[in-house]
1. Take A:Ala225 and tell me if it is touching a helix residue (DSSP H, G or I) at 6+ places or on another chain (Cβ under 8 Å) and in contact (Cβ under 8 Å) with a residue 40 or more places away in the chain.
2. Could you list, in sequence order, the residues of region A:1-13 that are at the interface with chain B (Cβ under 9 Å from one of its Cβ atoms) and either modelled with pLDDT of 90 or more or farther than 22 Å from A:Pro68 by Cα (or both)?
3. Looking at A:Ala377, A:Ala318, which one is in contact with an Asp or Glu (Cβ under 9 Å, 6 or more places away or on another chain), modelled with pLDDT under 95, over 29 Å from A:Arg275 (Cα atoms) and small (Gly, Ala, Ser)?
4. Do you know which of the residues in region A:130-175 that are in a helix (DSSP H, G or I) and among the aromatic types (Phe, Trp, Tyr) is farthest from the other protein chains (Cβ to nearest Cβ)?
5. For the condition touching a helix residue (DSSP H, G or I) at 6+ places or on another chain (Cβ under 8 Å) and within 14 Å of another protein chain (Cβ to nearest Cβ), what is the one hit in A:Gly23, A:Gly29?
6. Could you tell me which residue of region A:379-431 is farthest from A:Phe507 (Cα to Cα), considering only residues that are within 20 Å of the chain's Cα centre (by Cα) and in a loop (DSSP other than H, G, I, E, B)?
7. How many residues does region A:176-235 contain that are of a type in the set (Phe, Trp, Tyr), closer than 18 Å to A:Val284 by Cα and buried (at least 20 other Cβ atoms within 10 Å of the Cβ)?
Amino acid sequence: MNATINYAELVYALRPEIALTLGLLLALGYDMAFGRRMSDCARRGVAVLIGIVTLASAVFQTLHTNVPPVGHAAYWFHGAFVYDTLAHGVRLGVFGLSALTLLLIAGSIPHSALRTPHFKHPAEYVAIQLLATMGFSLMAVSNNLLIAFLGFELASLSLYVMAGFDKTSRASAEASLKYFLFGGMAAAFMLFGFSLIYGMTGTIVLPEIARALAVQGPSPLLLVALVMVLVGFGYKAAAAPFHQWAPDVYQGAPAPAAALIASASKLAGFAFFARLLFSGLGTVSGDAINFGGPAGWIMAVIIISAASMLLGNIAALAQTNARRLIAYSAIAHAGIMLLGVIAVRAEGAGPLFYYALTYGIATIGVFGVFAAIERTAPCQRISDLAGLWKRSPFLALVLFVCVLSLAGIPPLAGFFGKFYLFAAALYLNGLMSPAGWLAFLAIAMSAVGLYYYLVILKAALVTNATAGTSASTEKIRVPLGTVIALATSAALTIALGIWPDVVLGLFK
Amino acid sequence: MPAILFYIFSALTLAAAIGLVANRNAVASALSFFVCLCGISVLFVMLDAHLLAFLLILVYAGAVVALFLFIIMLLDMHGGKRPPFKKMTIVASSIAGALLIFGAFSFFARGQFSTDELALAQAPAFFTDLKIYGAKLFTTYMLPVQLVGFLLLVGMLGVIVISKKHEEKEPGDRIQEPGDKP
């Protein structure tokens with residue numbers, strides 16, 4: 001703690017974040033200097049271009065960071081940062097996912113420009129998204145409660161603003177306010193939990209916390225702290241019973257913002273969740289292998305996971321709004337990812353990372369399709385999707401691939417994500433263990449999930465838009481940026497399903 | 001003597017906190033918040049955390065409460081009439097309250113509180129001196145301080161974007177309504 005500060009090391013550790021900062025200042029400065037003289041379309045194009053170039057340079061900086069071999073980790077800046085395969089992968093993942101969602105707002109069709117009033121301030125939108133991405137990236141590498149919390153808050157505050165970016169829509173304002181109120185509450189709980197952990201151990205560095213807790217053992221105060229931390233993470237992951245914000249936010253937020261909330265935010269959240277629980281609180285984890293073992297956080301995570309799977313899948317069955325349906329399916333997926341957190345003990349973080357990444361890619365595909373449809377007509381109810389096959393075969397194809405991946409149909413990435421996660425959970429101690437039962441529940445619930453995913457596909461591919469339904473029959477022209485984003489996410493969903501070792505191999 | 005002071009100021013803090021929630025007048029609520037913060041800062045003084053007590057008064061009682069009062073007066077809020085609670089709200093809050101009391105009871109009944117002298121002696125003591133505190137902020141904790149700066153940047157950008165009025169009214173605003181709920 002008392003050693004002098006090595007600024008060179010700090011700059012080395014945070015090169016991607018520095019690139020993001022410069023990019024966001026450039027986006028804001030350029031728009032301030034030249035934005036007034038440009039058309040809305042050009043302003044948006046420039047802002048998105050700056051955002052993409054910034055994210056690309058952040059990816060470049062990340063690729064030029066030395067990754068320690070699997071199972072080892074490098075510590076920077078007096079243990080404030082940890083760098084291992086997971087941190088490397090999550091950084092690349094969040095930059096990529098963020099770039100994909102940014103492409104969704106690129107390009108516009110002149111005569112339907114009035115359908116996209118939420119991008120009146122494209123430079124600010126891009127800047128806020130880059131700040132959110134910086135928060136995700138910090139969560140991925142932080143090894144310290146303070147920096148993790150600040151990264152978490154940086155991401156959350158940015159996402160609140162992004163959810164409310166469409167000022168002409170009441171639903172967007174409602175989404176932003178609900179997200180903010182829930183998020184503020186959850187952040188307060190988590191900070192309280194962190195402060196109790198600090199009070200018990202006298203340190204905020206995760207491995208030192210683990211060392212102190214190994215000496216002290218579990219105590220009632222620690223359980224209170226654990227519960228509070230779990231509330232914060234349950235909120236971030238949209239896991240039941242902290243999920244109430246998710247349907248309203250997914251429904252009301254602009255589609256690109258909702259896509260970011262559903263993809264990169266989850267990936268970063270679960271990465272830090274796994275890191276905190278295993279390298280910080282690993283000594284008080286309890287027992288996932290036998291029933292009646294010592295108490296710890298694993299039991300609480302199992303309960304939250306089971307509740308999310310049950311509630312998410314069953315509530316999704318009753319939805320008539322496509323976006324709310326995706327939100328409930330996101331709650332169900334959060335339950336499966338929590339199972340993945342428990343399975344980190346057996347197989348490392350590889351399956352969890354693969355699942356969260358492929359889930360994020362597929363969700364961006366789905367929200368991208370919704371965003372493209374919204375350029376001509378509202379797209380909220382499932383019946384609004386009717387006749388999509390005739391209106392735009394490309395959009396229908398992307399929706400087909402991404403929804404089937406979410407449902408977990410081989411050979412798409414979603415199937416292998418589920419497969420590796422369940423296998424890892426069963427490796428712990430077979431079927432007769434808490435983790436095994438949970439994996440069994442997850443498999444059963446995946447079958448339930450198949451039904452509502454097929455409802456979406458039936459509306460888009462089979463149903464015709466007749467006079468009775470609200471769906472329009474107008475052809476949809478998809479702008480180039482959206483085409484790139486959607487084609488990339490569909491192609492990645494297929495390619496990562498065929499070659500899962502591209503991602504999983506990193507962790508072996 | 002300190003024990004008596006502790007009870008007096010704890011009672012004051014709790015009473016002010018209840019007043020903050022229960023008061024219908026927003027200005028009175030803000031002032032109860034101020035009293036509550038003063039009570040907490042006295043408790044901090046009794047724990048020898050002078051700096052923290054001072055910062056609490058300076059930042060929260062000084063800046064934040066003043067800001068609250070400004071906003072309340074600018075927006076001219078009167079609290080208004082609260083609609084009566086729904087049955088579901090009462091049931092849910094009673095269940096939550098019962099759970100909370102049960103949790104607190106089991107925590108006090110079964111938890112062992114030990115004042116570990118060793119742990120107390122090991123507690124980092126550098127936050128008591130303002131000079132060391134400042135030095136820590138600009139060396140070891142420089143990065144978190146910078147990150148807080150970014151938090152303020154997000155807040156500022158968000159306020160500008162959300163509160164800024166559109167230059168021209170759009171002819172075909174979105175026809176989307178917040179309906180469509182299950």
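The values are calculated or read from the model by the stated rules, or taken from the named source; none is laboratory data. Since we're looking at a predicted model, the values are computed, not measured. Here the Cβ is made from the backbone with ideal geometry for all residues, glycine too, and neighbour counts use every protein chain on show.
1. Values: touching a helix residue (DSSP H, G or I) at 6+ places or on another chain (Cβ under 8 Å): yes; in contact (Cβ under 8 Å) with a residue 40 or more places away in the chain: no.
Taking the combined requirement at face value, the residue does not satisfy it.
2. Across region A:1-13, the qualifying residues are A:Met1, A:Asn2, A:Thr4, A:Ile5.
3. Values: A:Ala318 fails: in contact with an Asp or Glu (Cβ under 9 Å, 6 or more places away or on another chain).
Matching residue, one of A:Ala377, A:Ala318: A:Ala377.
4. Of region A:130-175, the ones in a helix (DSSP H, G or I) are A:130-141, A:145-163, A:170-175.
Imposing the further condition that a residue be among the aromatic types (Phe, Trp, Tyr) reduces the set to A:136, A:149, A:152, A:160.
Numbers: A:Phe136: 13, A:Phe149: 9, A:Phe152: 11, A:Tyr160: 7 Å.
Per the stated criteria, the residue is A:Phe136.
5. A:Gly23
6. Looking at the filtered set, the residue picked out is A:Gly408.
7. First, the residues of region A:176-235 that are of a type in the set (Phe, Trp, Tyr): A:179-180, A:182, A:189, A:192, A:194, A:198, A:233, A:235.
Remaining after also requiring closer than 18 Å to A:Val284 by Cα: A:194, A:198, A:233.
From what's left, buried (at least 20 other Cβ atoms within 10 Å of the Cβ): A:194, A:233.
The total comes to 2.
Each row is one residue, and each column tells you yes or no for (1) among the charged types (D, E, K, R); (2) at pLDDT 90 or above.
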| position | (1), (2) |
| --- | --- |
| A:Asp384 | yes, no |
| A:Trp389 | no, no |
| A:Phe394 | no, yes |
| A:Leu399 | no, yes |
| A:Cys402 | no, yes |
| A:Gly417 | no, yes |
| A:Trp437 | no, no |
